[in-house]
Every structure is written in C-alpha cells, then in structure tokens.
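Okay, so here's the structure we're looking at.
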Amino acid sequence: MNLQAALRSAWRALVANPLRSLLTMLGIIMGVAAVIAMIAIGQGATDRVHQQMKTLGSNVILVHPGSVNTGGVRQGAQTGQALTEADAWAIAQEVPEVQVAAPNSRTMSQVVHGGVNWNTVLFGTGNAHLEVMDWPLSAGRLFEATEMQGAAKVALIGETIARELFGDQDPLDQVIRVRSVPMTVVGVLERKGQNMWGNDQDDVVMVPLSTFRSRLQGNAGGRLQRINSILIKVRDGHDMKVAEENIRDLLRQRLRVQPGADGPFRIRNLTEMLQAREESSRTMTLLLSAVAGVSLLVGGVGIMNIMLVSVTERTREIGLRMAVGARGRDILTQFLMEAITLSLIGGLAGVALGAIATWALGHFAGWQVSMTLESIALAAGFSASVGVFFGFYPARRASRLLPIQALRHE
C-alpha cells in the first residue's frame, strides 16, 4: 500500500465516525492551543523585560541613601541623607570601571502652561543622566555647561508632558511654570515607555541640578549639596561586580564608615535585576509549556484508546485484507496514518484555537503576548509525534493479527 492509498483509507475511516474522531482530537486540540498560548505569554513577558533593559540602558548601577537609626529604631529605605554631588564626581573620577556618574534629586511637582497643569516627576540632574540611560532627544538641545553651573531656568521634558501641556503645539522655547518659577523648554526627550516598576518614564521634567537646589528646593537647612541618588554607567567589557565593590569601597572611605558597620547607602545593580527577571520569565515559560504539554499526552492516550477500539472493531476487515494479499506493513501503515491524521488535524485546529486565545489575552486582558512561528512549529510537531508514538502500538497490534484468526473474529 502506497502513502496516497494509506491516506485515503485513513480519511475514510475517520469520516465514517465523525463524532468519535472529533472527541478523540479534542485532547490534541486543547493541548496544542494551551502550549501555543502559554509560550506566547512567556515570550511576551521575556520581550517586556528586553524592552525594559533597552529603556533602562546598559550596565547601570543605582546608589541611593540607606536608612537611618533614630533611638535604636531603623527608619525606612532612603531616609538617610549621606550622598552628595561630590560623591558622584568622585565615583566618576576614581573608579576606573565607571564611564559616567549622574547625581540626581527628584520630587513631585505641578507644572503649568497657559491654562493647563499636570502633576509630574521633577528631576534635578544633568546631561550625564541621559548618557547613563541611553536617552537621546527627539527635538531641541541638551543643557549647556553655563546653564548647569549657573542655575539657569531651562528644562527638558518627556513625551507625556509635551502631549499633556502642549498637545499638537511645538513645545520648544515655550515657557512652563514649575512651582511658580518660569522655565524655558529647550529639549524634548525621546519616548521611553514604562520602566520595570510600571511607571511612565516619559512623565518627567528635568532641570539642572543647581536650578533644582537653589530655585525650586531652596536652602534646605544648609543641605544644598545633598542628592537623592547617583546613577552610574559601567564601561562596556568591565565586570559589574568589580565596579560595584569598588564603588562601595570608595563610598565607605568617603563617608568614614567603620569596618564591619553598614554604610548609609544602598547599591543596586539594575541590569542584574532585569536579567534575573528574564531568567524567571524563561523558567515560567518552560513550566507553563510543560503543564500545557500534559494535555497533549492526555490527547495521545485518547488516540491510543480509540485506535485500539478501531482495531478490535475492524478485525474481520484486517483479516480480509490479509487474505487477499495485504502485508503486515500495509496494515501497520494504514492504522499509523489514521493516528497521524487525527493528530495533524487536531494540531491544525489547536494552532487556530491557540492563535485566537493569544489574541484574546492580548486584546481583552491587556497582557503582552508574542506568538512566534517557532512555537507553532513546536506545538504542531509535538502533536504529530504524539500521533506516531501513541498510534504505533495499536497499528503494530493490527499488523500482527493472523488472517485465519481475524476472519473468525465475531
């Protein structure tokens, strides 16, 4: 029996019992759909982490104040005020692994343009911050050196601020009021999107650090040099762990921290955090896919069960075929093709259902999903393998029947 004849015979056998064939394929359909949907969810999560890594910048370390002890009671994170602008410059100059260090101060503030106002994040920083974050401008220019030194009333704004305050107007050279201080917009930042914590990075106004301290924050009890954090970019090819240790040693020396004591600062390797999230996403994808793959195995057991029933029902037909010259391998091919056909049809239906489920999750649930050709090929190939694996035993059993015994079967 050639392959074409075997396919025709398999198709006729399946069409003869459509309801039974449909119920047999149901396990394969649900299994393939589940595998595709789970891989799409996991891949979407991984893609999301990759996007966050791009928006964050590469090789980034964050230093911020630690907690303080008040009467033996430890306060919350970042309640200490140990870091200064001089610490940032020292890190940039004395740690060889560091490419640039950006001192930052931030707060929430209302910004106003004309009759429109918006509450946003206000950063006191410099051009080094944009270098660390790999954050170019979409329009305008960076701060000039004289502006950063002389507390000039200039600002860079994110895309969200440009949209909310100016709509379709060009924001460049327009004046916004920040805490009643007029600021001229000299640049608009390129869109960044959300960060790893889900915050809109484009909802930001940046002013020179000197402007933030003297014009917006005021003389806070003589603590003009205090900053909220230091963003650090490590040079490409250098070990992040070595850079982190060198930064820690330098700050402990500058802040005169006693050996064995906790320093009044915290260092966070943001790149490692995102890489850990990526590994977690991959692990979760494999776990979800494995769970979904159980459905395929269950579907395979259903195929074996139905094929065994089919062999029993058609024993006399098998005996008759053998009596007129069919060989054992012809019978094996016939029943194996039936099992594979069931799996392939179920796999194609499962791919369609998986695509619909993936679209529904992305559209209605708002999840980031990513269905790839590799996941479709994997699920379809697995379903065909299930057909071969679970269909082989019934087909082999049918091929080993003796013609005389098969013809006598009632």
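Quick look at the values:
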{"item": "Asp134-Leu308 FRET efficiency (beta carbon distance; Förster radius 60 Å; 0.05 resolution)", "result": "0.45"}
{"item": "Expected-Rg normalisation [2.2 N^0.38 Å, Cα atoms] applied to region 81-263", "result": "1.09"}
{"item": "Estimated [θ] at 222 nm from DSSP helical runs (n ≥ 4, -39500 (n - 2.57)) normalised by residues in the chain, nearest 500", "result": "-18000 deg cm²/dmol"}
{"item": "Likely footprinting exposure, His238, His129, fewest C-beta neighbours within 10 Å first", "result": "His238, His129"}
{"item": "Theoretical FRET efficiency, 1/(1+(r/R0)^6), r = Cβ-Cβ of Leu348 and Tyr393, R0 30 Å, to 0.05", "result": "0.80"}
{"item": "In sequence order, calculated HN-Hα J values of region 89-101 (Karplus, 6.51, -1.76, 1.60; Hz; x Gly/Pro)", "result": "5, 5, 4, 5, 8, 9, 9, x, 6, 8, 7, 7, 10"}
{"item": "³J(HN,Hα), Karplus 6.51/-1.76/1.60, whole Hz, each residue of region 299-309, x for Gly, Pro", "result": "x, x, 4, x, 5, 4, 4, 5, 5, 5, 5"}
{"item": "Label-point separation, Trp367 to Arg316 (7 Å along Cα→Cβ), nm", "result": "5.2 nm"}
{"item": "Gyration tensor (Cα) of the chain, equivalent ellipsoid semi-axes in angstrom", "result": "69, 24, 16"}
{"item": "Ordering of 376-387, 354-365 by packing [mean C-beta count within 10 Å, highest first]", "result": "376-387, 354-365"}
{"item": "The chain: angle of helix 373-399 to the longest principal axis, Cα-based, in degrees nearest 10", "result": "20 degrees"}
{"item": "Translational D in µm²/s for region 323-398 (Stokes-Einstein at 25 °C, 0.890 mPa s, Kirkwood Rh from C-alpha pairs)", "result": "172 µm²/s"}
{"item": "Inter-part distance where region 290-346 and region 100-176 are each reduced to a Cα centre, Å", "result": "69 Å"}
{"item": "Under-5 Å amide H pairs with Val154, H placed in peptide plane, nonlocal only", "result": "Thr184"}
{"item": "For peptides 343-349, 326-332, sequence by mean Cβ density within 10 Å, most packed first", "result": "343-349, 326-332"}
{"item": "Amide H partners (placed H, <5 Å) of Val100, local residues excluded", "result": "Lys233"}
{"item": "In sequence order, calculated HN-Hα J values of region 151-158 (Karplus, 6.51, -1.76, 1.60; Hz; x Gly/Pro)", "result": "6, 5, 8, 10, 8, 10, 10, x"}
{"item": "Label point 7 Å beyond Cα of Asp200 along Cβ direction - residues of region 89-127 with amide nitrogen under 15 Å", "result": "109-112, 117-122"}
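A short reminder: the numbers here are calculations on the coordinates, not readings from a lab. Since the model is a prediction, treat every value here as computed from it, not as a measurement. Here Cβ is always computed from backbone atoms with ideal geometry, including for glycine, and neighbour counts include all displayed protein chains.
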